[in-house]
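Written below as structure tokens is the structure these notes are about.
The values are calculated or read from the model by the stated rules, or taken from the named source; none is laboratory data. Keep in mind that this is a model prediction, so the values were computed, not measured. Here Cβ is always computed from backbone atoms with ideal geometry, including for glycine, and neighbour counts include all displayed protein chains.
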Amino acid sequence: MDILQVLADATRSAIGPVAAVYALAAIGLNMHFGYTGLLNFGQVGFMLVGGYGVAVSVSTFGLPLGVGFLIGIASAVALALVLGLPTLRLRADYLAITTIAVAEVARLIYRAEFLRDITGGVYGLQSFSTAFYQWNPFPSGTYGFGWLSFSARDLWVMTVTWGLVLVGSAVMWLLIHSPWGRVIKGIREDEDAVRSLGKNVFVYKMQSLIIGGVFGALAGAMLVVNQQTITPDQFMPQVTFYLWAILLLGGAGRTLGPVLGSVVMWFLLSVTDSVLRQLIATDVITFIASSEIGGVRHALVGVALLVLIIFRPQGLIGNRKEMLINVK
Amino acid sequence: MSSDVNGATVDRMAGVDPLPGVAKPDPILVVDGVRRSFGGLTAVDVEHLEVQRGTITALIGPNGAGKSTLFNLLTGFDRVDSGTWTFQGKQLNGLGGHRIAREGMVRTFQLTKALTRLTVMENMLLAAPGQTGERILGSFLRPQWRKQEEANRARAEQLLERFKLLAKKDEMAGSLSGGQRKLLEMARALMVNPTMIMLDEPMAGVNPALVQSLLEHITALRDEGMTVLFVEHDMDVIMGISDWIVVLSEGKVIAEGRPSDIRADQRVIDAYLGSGYEESGREPQTDTGESHE
């Protein structure tokens, strides 16, 4: 087995554009769950409206790409208001139910036949990200060294997306280490106590939902820009659960938790995939067909996550002492 | 420990008749016709109630008398079916809990709500009112709120010292004992700069050794001019420190008066004390959820 090849593929995956996109979306989820305690099971819905904000604006209406990004962000704010206004005054679990449902309903609406002229229906949209690649300052060629090299195109997407991750993490750090962040963390612990101290809990929860949602929308926009195409069925509920796995793996309630979680997650996914593929190719494993690799590797990653949650429930960089304090 | 806690036993309620709904010379809180029912059960039905400024007023009654419900209604944590109440002349009905707290009426909870995964100091700082850094855009302007933060920190340290929690300021609030959490909750409520403090069973679940210290804190608040309204079960506590006692039964105010009046009131004995309150002086606690944690 070619171990170097396996590690090379895994590293490329761990620092590639998709890992950056998931890190960005998980930063938003960290704002919701890690700091505010909001159970958002529909983060993929924010990615969807962000991605379609870009695609529809540019592809269908011929607007500039920058305007598309702004429309994607505005869609996320609107979605947060739709989700939050009826549910944020209620108990936490109502938001959980609503978010998972609304994200799925949104996907079905975007793929609906009657909107085909606008959203492209089940076929989605293409050719909306030309401008993005025209802005690429890197001359074409390959960058990196030996086994770890990227095309100029990939490097450009990675620079922008990881740049957004960096800026997002900085913004998140500033917010959380401020009196605003203290109120947000207080709400996670006990919102009635915070209300009794004269803070408008509803407004804070809404702000948190909007901020985290905007990060989701940016992630969705970068995802489709990277793919240069968008289809509704890539925004299935399991994307949200990947994001949860990433967040818990890295450590919820830590600024770099979602970033580290995404890198490690994509590394593990790639390693299990390559190892299985090579073992099957060399007939070491005969009871799994190569078409089944996708399912098997997810099962293996699932087992790895289980082990992690049993032995390190706070995630890779969480604070165990803080985690184990009795929360009443 | 009854009368000595009250110090020189000044009668702050001189000239007020011990009658349900009686008018007070300088009421800070006036309740009129407040009703709340759950299904067919009327939990609270208070015709008229006034709370005198600068006193300790106790709200007592048997289990299910509606004490906590009345508390929740007055502090905006539950909605009235009908009725009005004014605090320092301002009508409060319809306002949310946070608005009422900002008016200067701050409550604590029967089941202590320490923010467990924040430090003791963060608990205190969170409570300070009017922080510019608590606004979402203001939070980015570090130099602007840092000065305010320092002032709040100084005030928090004074309060923590007073409640003997200063040594714990950097520990997680969740690591404190039950009694210390009660003290923290009280100190935190004071950070809001209230004019009236509402304590929901401040002694529930507290180690007996800490009870005396809590009582001293409560009387000290009154002596500084704050108004205290509290719900409590422990009869020794109530008789010892209250200037005025309001007895609730089945949601209605059935008696009001000084501790001596209440002790002699036959309706109260029938409704609440029963035969259980004799020499032992302790009424069995039954609805204080967390007293055995």
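So for the range A:259-273 (the condition being in a helix (DSSP H, G or I), free of Cβ contacts under 8 Å to residues at least 12 places away in the same chain and over 15 Å from the mean Cα position of the chain (by Cα)), does at least one residue qualify?
no
Being surrounded by fewer than 18 Cβ atoms within 10 Å (Cβ to Cβ), out of contact with any Gly (no Cβ under 6 Å at 6 or more places or on another chain), away from every other protein chain (no Cβ under 14 Å) and assigned to a helix (DSSP H, G or I) is the requirement here; does residue B:148 meet it?
Here the answer is no, as residue B:148 does not meet what is asked.
Specify which of the listed residues (A:248, A:243) is in a helix (DSSP H, G or I), at pLDDT 90 or above and closer than 20 Å to residue A:50 by Cα.
From the options A:248, A:243, the qualifying one is A:243.
Give the range A:10-59 a look and list any residue that's out of contact with any Asp or Glu (no Cβ under 8 Å at 6 or more places or on another chain), surrounded by fewer than 24 Cβ atoms within 10 Å (Cβ to Cβ) and of a type in the set (Gly, Ala, Ser), or say none.
A:10, A:13, A:14, A:57, A:59
Among the residues in the range A:174-191, are any farther than 22 Å from residue A:216 by Cβ and more than 14 Å from chain B (Cβ to nearest Cβ)?
no
Sort out which residues of the range A:144-187 are surrounded by 15 or more Cβ atoms within 10 Å (Cβ to Cβ) and of a type in the set (Phe, Trp, Tyr), and write them in order of number.
A:150, A:156, A:162, A:180
Could you check residue B:164 against (1) part of a helix (DSSP H, G or I); (2) without any contact (Cβ under 8 Å) to a residue 60 or more places away in the chain; (3) not hydrophobic (A, V, I, L, M, F, W, C) and say which number it fails?
(1)
Based on what the data block shows, is residue B:43 surrounded by 20 or more Cβ atoms within 10 Å (Cβ to Cβ), within 11 Å of chain A (Cβ to nearest Cβ), in contact with a Lys or Arg (Cβ under 6 Å, 6 or more places away or on another chain) and not β-branched (Val, Ile, Thr)?
no
Could you look through the range A:12-41, keep only residues that are part of a loop (DSSP other than H, G, I, E, B) and among the small types (Gly, Ala, Ser), and pick out the one that is farthest from residue A:266 (Cα to Cα)?
Filtering first and then ranking leaves A:37.
Among the candidates B:97, B:130, B:83, B:89, single out the residue that is more than 10 Å from chain A (Cβ to nearest Cβ), without any contact (Cβ under 8 Å) to a residue 40 or more places away in the chain and of a type in the set (Gly, Ala, Ser).
None of the other options fit; the residue is B:89.
Test residue B:70 against the stated conditions and say whether it is within 24 Å of residue B:191 (Cβ to Cβ) and buried (at least 17 other Cβ atoms within 10 Å of the Cβ). Before you say what the answer is, go through the steps one by one.
Details: within 24 Å of residue B:191 (Cβ to Cβ): no; buried (at least 17 other Cβ atoms within 10 Å of the Cβ): yes.
Here the answer is no, as residue B:70 does not meet what is asked.
When residues of the range A:28-77 are filtered for being among the hydrophobic types (A, V, I, L, M, F, W, C), under 28 Å from residue A:89 (Cα atoms) and in contact (Cβ under 8 Å) with a residue 24 or more places away in the chain, how many remain?
14
Looking at residue A:198 and the list (1) buried (at least 22 other Cβ atoms within 10 Å of the Cβ); (2) more than 14 Å from chain B (Cβ to nearest Cβ); (3) in contact with a helix residue (DSSP H, G or I) (Cβ under 6 Å, 6 or more places away or on another chain), which single condition is not satisfied?
Exception for residue A:198: condition (2).
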